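Take a look at this one; I'll ask things after.
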Amino acid sequence: MNQFLKEVLQDLSQTQKSLNSKYFYDGKGDKLFQEIMDCPEYYPTNCEKEIFRDRTTDLAIALKNGFNTFDLIEMGAGDATKSSYLLKELIDTKVDFTYMPIDISSAMIVHLEQSLPEKIEGLKVHGLNGEYFEMLEKANHISFRKKVVLLLGGNIGNETPENAIEFCRKIRASLQEGDLVLVGFDLKKNPRTILAAYNDAAGFTRDFNLNLLHRINNELDGDFDTEQFEHYPTYDPVTGACKSYLVSRIEQEVRISGQSFHFKENEPIYMEISQKYSVEETEEMAKIAGFKSVAHFFDHKKWFVDTVWQCI
Ligand SMILES: C[S@@+](CC[C@H](N)C(=O)[O-])C[C@H]1O[C@@H](n2cnc3c(N)ncnc32)[C@H](O)[C@@H]1O
């Protein structure tokens, strides 16, 4: 049984049904995420783009940390729009590095390997298509140089705070003392601003969530009637958890690869978390996971932070 089917059957068999948001990203999901990033309500991309565009030199200096040879690994690279500013700066300042984007979306990796060297002359790209930590291990078998790991955008936010600590500990375990990690965190702010970002008026976030049901129908022989599920985003300003659900509009049965699932009217499927943090919480996470926090880069509204951690 393939991993996607195994996880879907398992997650929908629990008392609290859920689906794993890492499966959002098929070709259609990649495109919908691009649309979300272009929405006026979805501020995180613009905030982080501002940091990468306006603070490129300072970012590069912090990440080079006095070295001119290392490899740059990006976990969950997506379309690498923001990191491209940094890649260009590193090439322009004659750093000897290979860019290794990791992504579970094969379409994204193919796209990056083709398009980036055309856009940035002299850039060496070695794409790694697969799960974060399997690919990080692969990167460690390919590269024996000093490493800088990028984890931008919503990636760390898509883990619960407990899992995020575990995630950072695993990154630390695969690196050497002195290596650097740049982590992007979306910061706590006005709750309405946050909720609106996950409930855009054009409905791209709704379609992005519903696309996973379409994907299950197409790839796992499912029969979800997507019209009968409603997108429901929430934000809790105390915990910083922004969660999205698909709520069954009616009592219904759904079949996936011959297995039947019963949905009560108004029963939710938990789809995704986009966790928000305070700067203090990110520093605490660095400490617990085995890093020293060495630099902070904020956008002008201080809505987002890219923080640089050093392995200790
Ligand atoms: C929210 S997007 C962010 C993309 C990019 N970091 C940015 O800031 O624009 C998350 C990306 O991580 C990838 N991804 C999600 N879960 C993954 C996993 N378990 N292993 C590898 N890649 C994953 C997705 O395919 C997607 O391209």
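Mind checking which residues of the stretch 249-277 are within 30 Å of Trp309 (Cβ to Cβ) and either buried (at least 18 other Cβ atoms within 10 Å of the Cβ) or not assigned by TED's automatic domain parsing to the domain that holds Glu230 (or both)?
Within the stretch 249-277, Met271, Glu272, Ile273, Ser274, Gln275, Lys276, Tyr277 qualify.
Here's another thing I want to ask about it. Among the numbered criteria (1) in a loop (DSSP other than H, G, I, E, B); (2) surrounded by fewer than 16 Cβ atoms within 10 Å (Cβ to Cβ), which single criterion is violated by Asp200?
Tallying (1) in a loop (DSSP other than H, G, I, E, B); (2) surrounded by fewer than 16 Cβ atoms within 10 Å (Cβ to Cβ), Asp200 fails exactly one: (2).
Among the residues of the stretch 43-62, count how many are under 18 Å from Ala77 (Cβ atoms), within 14 Å of the ligand (Cβ to nearest atom) and either buried (at least 19 other Cβ atoms within 10 Å of the Cβ) or among the aliphatic types (A, V, I, L, M) (or both).
Of the residues in that region, 5 qualify.
Taking into account only those residues within the stretch 1-19 that are assigned to a loop (DSSP other than H, G, I, E, B) and surrounded by 17 or more Cβ atoms within 10 Å (Cβ to Cβ), which is farthest from the ligand (Cβ to nearest atom)?
Lys17
Among (1) away from the ligand (no atom under 13 Å from the Cβ); (2) without any contact (Cβ under 8 Å) to a residue 12 or more places away in the chain, where does Glu134 come up short?
(1)
Another question about this same structure. From the list Asn209, Asn163, which residue is touching a Phe, Trp or Tyr at 6+ places or on another chain (Cβ under 9 Å) and over 27 Å from Val95 (Cβ atoms)?
Checking each option against the conditions leaves just Asn209.
How about the stretch 90-111: which of its residues are more than 10 Å from the ligand (Cβ to nearest atom), within 23 Å of Leu175 (Cβ to Cβ) and either under 23 Å from the mean Cα position of the chain (by Cα) or surrounded by 19 or more Cβ atoms within 10 Å (Cβ to Cβ) (or both)?
Of everything in the stretch 90-111, those that are more than 10 Å from the ligand (Cβ to nearest atom), within 23 Å of Leu175 (Cβ to Cβ) and either under 23 Å from the mean Cα position of the chain (by Cα) or surrounded by 19 or more Cβ atoms within 10 Å (Cβ to Cβ) (or both) turn out to be Leu90, Phe97, Thr98, Tyr99, Met100.
Hey, another quick one. If I ask for residues that are assigned to a helix (DSSP H, G or I) and of a type in the set (Lys, Arg), which ones from the stretch 280-298 would you list?
Listed by number, the list holds a single entry, Lys287.
Further, regarding this structure: Within the stretch 20-42, track down each residue that is of a type outside the set (Asp, Glu) and more than 13 Å from the ligand (Cβ to nearest atom). Walk me through it before giving the result.
Let us first name the residues in the stretch 20-42 that are of a type outside the set (Asp, Glu), namely 20-25, 27-29, 31-34, 36-37, 39-40, 42.
Answer for the stretch 20-42, where residues must be of a type outside the set (Asp, Glu) and more than 13 Å from the ligand (Cβ to nearest atom): Cys39, Pro40.
The values are calculated or read from the model by the stated rules, or taken from the named source; none is laboratory data. All of these numbers come straight from a predicted model, not from anything done at the bench. Heads up, the Cβs are rebuilt from the backbone with ideal geometry, glycines too, and the neighbour counts pull from every protein chain shown.
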